[in-house]
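Let me begin by presenting the structure, written as structure tokens, before commenting on it.
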Amino acid sequence: METMPHILIVDDDREIRELLARFLERNRFRVTAVRDGREARRHWPLGHYQLVVLDLMLPGESGLDIARWLRTQSDIPIVMLTAMGEETDRIIGLELGADDYVPKPFNPRELLARIRAVLRRTSERAEKLVEPSARAIRFSGWLLEPARRRLLNPDGVEVALTGGEYDLLVALVERANRVLTRDMLLDLLRGRQAGPFDRAIDVAISRLRRKLEDDGRHAQLIKTVRGGGYVLAADIERS
């Protein structure tokens, strides 16, 4: 039982909590289900969780508030549940570092597939962390240290990145000076294609530009290619 991934579900709908708990437990997950932020905070130190399923529409403290709090505690993967048409909240959630989102109403099997995909990516990131051959990468004065999963600015100060931001930066750096479409980036990061209204990559790029102090309107480092995608315009040095 202890070897099963432990998932924290935060949703005020009792039927959804119970349905997801039973379904995920049948698929070999440990589950703790709570109804709001207060219960989430109380249970947080009691379990070693691998992922959080978080409903955005909660009474009182919103799912966005809980996501902000989670990001102060950990880089744990977050899969958000959103009502249809809540694009603004979904985008804000992605800006807070959510790893994926599933619109309501949803098929539990789709949520299961998303959870497994996020956990797989998290596991792959952890494996990369201990690779002894990972070499430091310099670009435009910045230093990326794959062995320690950290980014240093030109002054040598570490810049905090979420797991998603770090993976996006690595994808761009490893393919520097090559145009990467949104579909290519989504496939690299999430293993799926972009939908017609999927702004996840655009939001992530905007967030990463801020971290790199790259003015979005006149970006010189991560450039937008009209009708194409994005390109990291920089010479790469490995050490």
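If the chain linking LEU19 and ALA233 were pulled fully straight, counting 0.36 nm for each residue of separation and taking away their Cα-Cα distance, it would gain 72.3 nm. Counting only heavy atoms of the protein chains and using a 1.4 Å probe, GLU213 has close to 140 Å² of accessible surface.
Across the protein chains, with a 1.4 Å probe defining accessible surface, the residues ASP12, ASP55 rank ASP12, ASP55 from largest area downward. Model label sites at ALA176 and THR3, defined 7 Å from Cα along the beta-carbon direction, differ in position by 4.2 nm.
The values are calculated or read from the model by the stated rules, or taken from the named source; none is laboratory data. Quick caveat, the model's predicted, so the values are computed rather than measured. Reconstructed Cβ throughout: ideal geometry from the backbone, glycine too, with neighbour counts over all protein chains shown. Each accessible area value is taken on the protein alone, full model and side chains, heavy atoms only, with ligands, DNA and RNA left out. Shrake-Rupley method; radii C 1.70, N 1.55, O 1.52, S 1.80 Å.
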